[in-house]
Amino acid sequence: MSNIQITENRLGKYSPEWFYNESQTSEWTAFTHKADELRKNFINLFGIEQLKSFSGRDLLTSLFYNDEGNKSNLCYMLEMDKDIREFFGGISGGSAYKFGLFFHKKLKDGLAVLLQNLYSLQNLRQYKKQKKYAMI
């Protein structure tokens with residue numbers, strides 16, 4: 001067991017009391033209320049019950065980037081929404097392939113991208129299996 005002890009600095013910063021007092025300031029209270037509001041809105045848009053109510057194209061356009069320019073889909077909100085990024089962190093950057101399914105402008109099809117990804121995944125699994133057997 002380690003003999004390291006965590007002690008407060010001379011100003012008392014970073015003690016449990018300091019964190020509690022900081023969390024009670026008007027700035028952090030307002031932040032908490034805004035974060036709760038954003039979370040509730042997010043659940044209203046993408047919660048299980050809401051998603052169960054969609055089918056077909058409505059479900060796809062609610063979740064994934066698409067050709068309709070819809071800025072209230074899940075992928076857009078996670079990647080680009082200013083408030084979501086500010087309060088909860090963002091995943092912007094890279095390509096849309098990180099989402100697995102999206103509307104591909106060149107292919108004009110989301111299913112083709114999903115199938116392409118599944119094919120790549122299958123090839124990766126076969127490659128790893130072959131590499132494993134080659135090491136034996």
Which values of log₁₀ I(q)/I(0), to two decimal places, follow from the Debye formula for the range 21-75 at q = 0.17 Å⁻¹ with a uniform point scatterer at every Cα? -0.63
At what distance in nm do the modelled label points of Gln24 and Asp83 sit from each other, each positioned 7 Å from its Cα along Cα→Cβ? 2.9 nm
So if each residue of separation counts as 0.36 nm, and I subtract the Cα-Cα distance between Glu68 and Asn44, what length gain in nm does that give? 6.5 nm
Pairs from Lys34/Lys71; Lys13/Lys40; Lys13/Lys34; Lys40/Lys98; Lys40/Lys71 whose Cα-Cα separation, in the structure shown, is over 22 Å: Lys13/Lys40; Lys13/Lys34; Lys40/Lys98
Regarding the range 51-90, what whole-number volume in Å³ per residue does the convex hull of its Cα atoms give? 64 Å³
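Read the figures in this text as sums done on the coordinates, not as results from a lab. Please read these numbers as outputs of a predicted model, since none were measured by experiment. A quick note on method: Cβ atoms are made from the backbone with ideal geometry, for glycine too, and the neighbour counts reach across all protein chains shown.
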